[in-house]
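This report concerns only the one structure given below.
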Amino acid sequence: MATTTIQLTEAQKALLDEPLYAVVTDLMPDGSPHPTVIWVDHDGANLTFNTAHGRVKTRNMQRDPRVSVIVFDPANAFQKTLVVTGRAELVDEGADDHIDRLAKKYTGQDRYPWRRPEERRVTVRVIAEKISGTA
């Protein structure tokens, strides 16, 4: 069976270009939801975010890639909301540069200020199965 790739619209990408916080929900081993606040952006087609190997959400996504991300503009939440539900694809290559770009967007700093020497960053690309919202 062929699958259709769902990509972000220009309006949805514009929302992701803003420094708005988002919440990703992954699944714990017992199936319960595990929501966490994240920084988000996009790669032109897919919503992306960044985390580190060894964290609970990373382990959860490695075991079960199903995720849902919601981002909204708090000044206009009912008119500018995006929900992306799909599968997490974890990408190591370029993850350090990605977190630095997110740090610039969200903090104005050129480098991610909370980096630990031992941590290995990972970019998460959400391959959308459903996109909804008002953005």
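The numbers here are math on the coordinates, done by the rules we state, and not lab data. Small disclaimer: the values here were computed from a predicted structure and weren't measured. Using ideal geometry, Cβ is built from the backbone for each residue, glycine included, and neighbour counts are taken over all protein chains shown.
Observations, loosely collected:
- Which of F49, F78, F72 has the fewest Cβ neighbours within 10 Å, and the rest in rising order: F78, F72, F49
- Based on Cα atoms of region 64-135, Rg over Rh with Rh as the Kirkwood radius reads 1.05.
- Alpha-carbon centroids, region 54-77 and region 79-135: separation in whole Å: 10 Å
- The mean sequence separation of alpha-carbon pairs under 8 Å and at least six residues apart, normalised by the residue count of the chain, gives a relative contact order of 29 percent.
- In a fully extended conformation the segment linking D92 and D43 would gain 16.2 nm over its present Cα-Cα distance, using 0.36 nm per residue.
- Each of Y112, Y21, Y106 has some number of other Cβ atoms within 10 Å of its Cβ, and from fewest to most they run Y21, Y106, Y112.
- Base-10 log of normalised Debye intensity for region 68-108 (one unit scatterer per alpha-carbon) at q = 0.19, 0.20 Å⁻¹: -0.83, -0.87
- Using only the C-alpha atoms, the convex hull of region 10-133 corresponds to 105 Å³ per residue.
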